[in-house]
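The values are calculated or read from the model by the stated rules, or taken from the named source; none is laboratory data. Not measured: the values here are computed from a predicted model. Backbone-built Cβ (ideal geometry, glycine too); neighbour counts: all protein chains shown.
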Amino acid sequence: MPGLGPAGFRMRPHPRVLEAALAEIERQHLTRERRTVEALGRSDSGAAAAAADVVVDGRRLVNFCGNDYLGLARHPRVTAALRRAAAGWGVGSGASHLVTGHGVEHARLEEELAAFVHRERALLLSTGYMANLAVITTLAGRGDLVLLDRLSHASLIDAALLSGARLRRYPHADAGAAAGLLAEDAASGSSEPVRLVATDGVFSMDGDIAPLGELAAAATACNAWLAVDDAHGLGVIGATGRGSLEHVGGLGADAIPVLIGTLGKAFGTFGAFVAGSRDLIELLVQRARSYIYTTALPQALAAATRAALAVAQSESWRRERVLALTERFRAAASARGIPLGASRTPIQPIRIGSAEAALGASRRLLEAGFWVAAIRPPTVPRHTARLRITLSAAHTESQVDALVEALDRSVSGSG
Ligand SMILES: *Cc1c(COP(=O)(O)O)cnc(C)c1O
């Protein structure tokens, strides 16, 4: 729909048009509000007791919708690494990686990330959004085929659109359908386009895990690329925290040649990376516009991420804790008849349906002291608005129990 704005309006440069577009968004209960975090929760009895608390509008809330799964964003070793590196390197990197912005902290982090995910090389990018743009626009172009899961993250969709490739989407987690589309494409064309399948590892709004083994088999059978964006899996799931690939059975570089990870979630910092073969990474360095034409991530952030990666591995109790809290949440919620999805990851959506009802439930939770965002279209499909609850190792057992009690009161009567 070229030229159409968020509410289907043609955005001609007249103030009334913008006003009408905003009113239409409001009418559909799709207005997004930014709440300003004024302070982080502190506790007299030790920082750990308030590690997930924030102050918003002067009120203390327990944050149950962030992505700091391991509680590393405020970890003293991580913040100290950031401070120390900023003192040595300054704040801004001053240029792109290919000019003068690439430093030793970046280089070391790339090596450590590659080692962590068992790939030959890794490339650091500023955000996961940009990492997905880099991968898809470098590997696919006009005339090629990109296959995405129906529920894939917006950045994968945008990347596919930007690439100019043909974009087709298969039903959620349906590897058979993906295989069918690949085979159909192979049978129909005379030319041999590049085919690329990309999927979230853990789906960001549902918390379920992609059928990676089956997708890998389908991609291999059709000589297609498979890229897995494991933004919500790395650091969290798998026997040693190596994410969705480890969870489904240690898929190696042959099965999953392109792996994307983000650093702003489980690792508690900021940035992203692509991991794969030496040549894949070198091609991204040479070609990926979202890598080349942007200022390098600050070195201090790379240093902080190195610390976070080390802590995530040495303090494996964090991973065990967030998963144990997830199970505690699920047991308590299902005992009260709160409708849960199938997810066993720290992303626990509660489907409400209408955007209005989801907002209402979110507001009632806020009044009870819990910050749980209502996720509405277009982030999720129509009529599937939901509360997206996320657990963190920073939560306490009693906070989780209290959330379930509040949910019981807030969700009933909102469906
Ligand atoms: C958050 C997220 C991204 C974007 O990562 P940023 O570093 O926040 O830009 C990409 N893919 C998925 C699946 C995500 O959940």
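Go through (1) within 18 Å of the chain's Cα centre (by Cα); (2) crowded, with 24+ Cβ neighbours inside 10 Å and name the single condition Ile256 misses.
(1)
Here is a list: Ala231, Ala178, Ala198, Ala218. Which entry is part of a strand (DSSP E or B), buried (at least 22 other Cβ atoms within 10 Å of the Cβ) and either among the hydrophobic types (A, V, I, L, M, F, W, C) or within 16 Å of the ligand (Cβ to nearest atom) (or both)? Before the answer, list the steps.
Values: Ala231 fails: part of a strand (DSSP E or B); Ala178 fails: part of a strand (DSSP E or B); Ala218 fails: part of a strand (DSSP E or B).
Just a single option satisfies the conditions, and that option is Ala198.
Kindly indicate whether any position in region 108-118 is outside any helix (DSSP H, G or I), touching a residue at least 60 places away in the same chain (Cβ under 8 Å), surrounded by fewer than 22 Cβ atoms within 10 Å (Cβ to Cβ) and not β-branched (Val, Ile, Thr). Outline the logic, then answer.
First pass over region 108-118, keeping only residues outside any helix (DSSP H, G or I): 117-118.
Within this subset, residues satisfying the condition of being touching a residue at least 60 places away in the same chain (Cβ under 8 Å) are 117-118.
Next, only the ones that are surrounded by fewer than 22 Cβ atoms within 10 Å (Cβ to Cβ) stay: 117-118.
Then drop every residue that is not not β-branched (Val, Ile, Thr), which leaves 118.
Yes: one or more hits.
Look at Ala333 and say whether it is over 23 Å from the mean Cα position of the chain (by Cα), surrounded by fewer than 22 Cβ atoms within 10 Å (Cβ to Cβ) and touching a residue at least 60 places away in the same chain (Cβ under 8 Å). Give the steps one after another, and end with the answer.
Values: over 23 Å from the mean Cα position of the chain (by Cα): yes; surrounded by fewer than 22 Cβ atoms within 10 Å (Cβ to Cβ): yes; touching a residue at least 60 places away in the same chain (Cβ under 8 Å): yes.
For Ala333, the condition - over 23 Å from the mean Cα position of the chain (by Cα), surrounded by fewer than 22 Cβ atoms within 10 Å (Cβ to Cβ) and touching a residue at least 60 places away in the same chain (Cβ under 8 Å) - is met.
Those residues that are in contact with a helix residue (DSSP H, G or I) (Cβ under 9 Å, 6 or more places away or on another chain), hydrophobic (A, V, I, L, M, F, W, C) and part of a helix (DSSP H, G or I), I need them from region 371-415; list them, please.
Val400, Leu403, Val404, Ala406, Leu407, Val411
Counting only residues that are assigned to a helix (DSSP H, G or I) and buried (at least 20 other Cβ atoms within 10 Å of the Cβ), how many does region 297-317 have? Even if it seems obvious, please write down each step before you answer.
Quick first cut of region 297-317, residues assigned to a helix (DSSP H, G or I) only: 299-314, 317.
With the extra rule that they be buried (at least 20 other Cβ atoms within 10 Å of the Cβ), the set shrinks to 299-309, 311-312.
Summing the residues that are assigned to a helix (DSSP H, G or I) and buried (at least 20 other Cβ atoms within 10 Å of the Cβ) in region 297-317 gives 13.
When region 259-283 is examined, which residues are found to be surrounded by fewer than 24 Cβ atoms within 10 Å (Cβ to Cβ) and within 16 Å of the ligand (Cβ to nearest atom)?
Gly264, Phe270, listed by residue number.
Any idea which of Gly268, Gly261 is part of a loop (DSSP other than H, G, I, E, B) and touching a residue at least 12 places away in the same chain (Cβ under 8 Å)? Please lay out each step first, then the result.
Details: Gly261 fails: part of a loop (DSSP other than H, G, I, E, B).
Answer to the selection: Gly268.
Assuming Ala186 fulfils every condition listed in (1) surrounded by 24 or more Cβ atoms within 10 Å (Cβ to Cβ); (2) touching a Cys at 6+ places or on another chain (Cβ under 7 Å) apart from one, which condition is it?
With respect to (1) surrounded by 24 or more Cβ atoms within 10 Å (Cβ to Cβ); (2) touching a Cys at 6+ places or on another chain (Cβ under 7 Å), Ala186 is out only on (1).
Quick check on region 35-44. Is at least one of its residues within 23 Å of Ala385 (Cβ to Cβ) and of a type outside the set (Ser, Thr, Tyr)?
Start the filter on region 35-44 by keeping residues that are within 23 Å of Ala385 (Cβ to Cβ), which leaves 35.
So of that shortlist, the ones also of a type outside the set (Ser, Thr, Tyr) come out as 35.
Scanning region 35-44, I find at least one residue that is within 23 Å of Ala385 (Cβ to Cβ) and of a type outside the set (Ser, Thr, Tyr), so the answer is yes.
Tell me which residues, restricted to region 376-400, are closer than 24 Å to Gly58 by Cα and either surrounded by fewer than 20 Cβ atoms within 10 Å (Cβ to Cβ) or β-branched (Val, Ile, Thr) (or both). Quick ask: steps written out before the conclusion?
Of the residues in region 376-400, the ones closer than 24 Å to Gly58 by Cα are 387-392, 394-396, 398-400.
Result: Ile389, Thr390, Thr396, Ser398, Val400.
Going through region 130-154 one residue at a time, which ones are aliphatic (A, V, I, L, M) and in a helix (DSSP H, G or I)? If you could, list the steps in order and put the result at the bottom.
Within region 130-154, the first condition is being aliphatic (A, V, I, L, M), and the residues that meet it are 130-131, 133-136, 139-140, 145-148, 151, 154.
If the condition is that a residue be aliphatic (A, V, I, L, M) and in a helix (DSSP H, G or I), then Met130, Ala131, Leu133, Ala134, Val135, Ile136, Leu139, Ala154 are the ones that fit.
May I ask you to verify whether Ala165 is in contact with a Leu (Cβ under 7 Å, 6 or more places away or on another chain), within 18 Å of Leu284 (Cα to Cα) and within 15 Å of the ligand (Cβ to nearest atom)? Explain how you work it out, then say what you get.
Details: in contact with a Leu (Cβ under 7 Å, 6 or more places away or on another chain): yes; within 18 Å of Leu284 (Cα to Cα): yes; within 15 Å of the ligand (Cβ to nearest atom): no.
No; evaluated as a whole, the condition is false for this residue.
Would you confirm, using the coordinates I've provided, whether Arg344 is of a type in the set (Lys, Arg), modelled with pLDDT under 95 and surrounded by fewer than 21 Cβ atoms within 10 Å (Cβ to Cβ)? Steps first, answer last, please.
Details: of a type in the set (Lys, Arg): yes; modelled with pLDDT under 95: no; surrounded by fewer than 21 Cβ atoms within 10 Å (Cβ to Cβ): yes.
When the stated conditions are applied, Arg344 does not pass them.
Which residues, taken from region 234-246, are in contact (Cβ under 8 Å) with a residue 40 or more places away in the chain and either more than 14 Å from the ligand (Cβ to nearest atom) or part of a loop (DSSP other than H, G, I, E, B) (or both)?
Keep residues of region 234-246 that are in contact (Cβ under 8 Å) with a residue 40 or more places away in the chain, which gives 234-237, 240-245.
Within region 234-246, Leu234, Gly235, Val236, Ile237, Thr240, Gly241, Arg242, Gly243, Leu245 meet the criteria.
Exactly one condition in (1) out of contact with any helix residue (DSSP H, G or I) (no Cβ under 6 Å at 6 or more places or on another chain); (2) in contact (Cβ under 8 Å) with a residue 12 or more places away in the chain; (3) within 16 Å of the ligand (Cβ to nearest atom) is not met by Ile157; state its number.
Failing condition for Ile157: (2).
Just checking, how many residues over region 99-136 are within 11 Å of the ligand (Cβ to nearest atom), touching a Gly at 6+ places or on another chain (Cβ under 8 Å) and among the hydroxyl-bearing types (Ser, Thr, Tyr)?
Final tally of qualifying residues: 2.
Consider only pairs whose beta carbons are under 7 Å apart and that are at least six residues apart or on different chains; among these, list those whose first residue lies in region 385-397 and is free of Cβ contacts under 8 Å to residues at least 24 places away in the same chain and in the same structural domain as Gly353 (by TED's automatic domain parsing) and whose second residue is in a strand (DSSP E or B) and crowded, with 24+ Cβ neighbours inside 10 Å.
Sorted first by the residue in region 385-397, then by its partner, the list stays empty.
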